[in-house]
1. Considering only residues that are surrounded by fewer than 15 Cβ atoms within 10 Å (Cβ to Cβ) and of a type outside the set (D, E, K, R), look in the range 1-32 and name the one that is farthest from residue 53 (Cα to Cα).
2. Let me spell it out: the conditions are (1) surrounded by fewer than 17 Cβ atoms within 10 Å (Cβ to Cβ); (2) of a type outside the set (Lys, Arg); (3) touching a helix residue (DSSP H, G or I) at 6+ places or on another chain (Cβ under 9 Å); (4) free of Cβ contacts under 8 Å to residues at least 60 places away in the same chain, and residue 199 meets all of them except one. Which number is the exception?
3. Can you pull out the residues in the range 61-88 that are under 18 Å from residue 146 (Cα atoms), of a type in the set (A, V, I, L, M, F, W, C) and surrounded by fewer than 23 Cβ atoms within 10 Å (Cβ to Cβ)?
4. Only residues that are surrounded by fewer than 16 Cβ atoms within 10 Å (Cβ to Cβ) and at pLDDT 95 or above: list them for the range 178-195, please.
5. Here are some conditions: (1) surrounded by 12 or more Cβ atoms within 10 Å (Cβ to Cβ); (2) assigned by TED's automatic domain parsing to the domain that holds residue 22. Residue 175 meets all but one. Which one does it not meet?
6. Pick out the one residue from 28, 13 that is over 21 Å from residue 110 (Cβ atoms) and modelled with pLDDT under 95.
7. Loosely packed, with under 13 Cβ neighbours inside 10 Å, in contact (Cβ under 8 Å) with a residue 12 or more places away in the chain, in contact with a Gly (Cβ under 7 Å, 6 or more places away or on another chain) and within 26 Å of residue 151 (Cβ to Cβ): is that true of residue 56 in this structure?
Amino acid sequence: MKPSMGRVLTGLARSAVETSFASKPPEAGDLIGHVTPESMAEALARPAATFVTLEGDSKLRGCIGTLIPLRPLGVDVVRNARLATRDPRMPPVEPSEVPGLQVTVSVLSPASALAVDSFAALIGRLIPGTDGLTLHGARRRRATFLPTVWRSLPEPERFVAALLRKGGWPRDLWSTDLRSAPWPPDLMAERYTTELFTA
């Protein structure tokens, strides 16, 4: 994806955040038409999965996204940017914070299944700094880490253990030596990559 598209996506995400505090925020289509060059309209209309991350004072203020391309790229960015201001894991973003926010848009590649049947095999297949990872389990349990999480969890075993913890898998699974832990029969793993744009 061209750098110019990255500037459009981060600009669109920031506009979505700024207008999210209005009593009646503009519809995604209106916002896209207002801030997007006509030459990029076709690219923004293609389905894509994205995450929008908001950070302020080096602290996470929100991160919301989709793993499957359900909406046009531009619409998905607007949706996720607005939802990130109200990430349920933390206090909502205040209007006074918006000028100082760092906005990052991650555009996900299609996910590919990892054919593994042990944590040792999974840990050995992951590419630190490159792979995003999604784990699926029973009762619709699912958790994902974007590739940016490798910055704080650079060791593959810690990365996978933290993702299991995030997804609510039993403590006796992720708090032990994962390389020797039994692989749950219902567990599935997928990986993906991202194109990252920050402004």
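1. Keep residues of the range 1-32 that are surrounded by fewer than 15 Cβ atoms within 10 Å (Cβ to Cβ), which gives 1-4, 7, 21-24, 27, 29-30.
Restricting the remaining residues to those that are of a type outside the set (D, E, K, R) gives 1, 3-4, 21-23, 29.
Numbers: 1: 19, 3: 18, 4: 19, 21: 18, 22: 21, 23: 23, 29: 21 Å.
The residue in question is 23.
2. Result: residue 199 fails condition (4) only.
3. Scanning the range 61-88 gives 63, 64, 67, 68, 83.
4. 188, 195 - these are the residues of the range 178-195 that are surrounded by fewer than 16 Cβ atoms within 10 Å (Cβ to Cβ) and at pLDDT 95 or above.
5. Unmet for residue 175, out of (1) surrounded by 12 or more Cβ atoms within 10 Å (Cβ to Cβ); (2) assigned by TED's automatic domain parsing to the domain that holds residue 22: (2).
6. Details: 13 fails: modelled with pLDDT under 95.
Result of the check over 28, 13: 28.
7. Values: loosely packed, with under 13 Cβ neighbours inside 10 Å: no; in contact (Cβ under 8 Å) with a residue 12 or more places away in the chain: yes; in contact with a Gly (Cβ under 7 Å, 6 or more places away or on another chain): yes; within 26 Å of residue 151 (Cβ to Cβ): yes.
It is false that residue 56 is loosely packed, with under 13 Cβ neighbours inside 10 Å, in contact (Cβ under 8 Å) with a residue 12 or more places away in the chain, in contact with a Gly (Cβ under 7 Å, 6 or more places away or on another chain) and within 26 Å of residue 151 (Cβ to Cβ).
Residue by residue, here is whether (1) outside the structural domain of residue 48 (by TED's automatic domain parsing); (2) out of contact with any Gly (no Cβ under 9 Å at 6 or more places or on another chain); (3) under 24 Å from residue 70 (Cα atoms); (4) of a type outside the set (A, V, I, L, M) holds:
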| residue | (1), (2), (3), (4) |
| --- | --- |
| 117 | yes, yes, no, yes |
| 122 | yes, yes, no, no |
| 125 | yes, yes, no, yes |
| 130 | yes, yes, yes, yes |
| 152 | yes, yes, no, yes |
| 165 | yes, yes, no, yes |
| 182 | yes, yes, no, yes |
| 186 | yes, no, no, yes |
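The values are calculated or read from the model by the stated rules, or taken from the named source; none is laboratory data. No experiment lies behind these values; they were computed from the predicted model shown. Cβ coordinates were reconstructed from backbone atoms using ideal geometry, including for glycine residues, and neighbour counts include every protein chain displayed.
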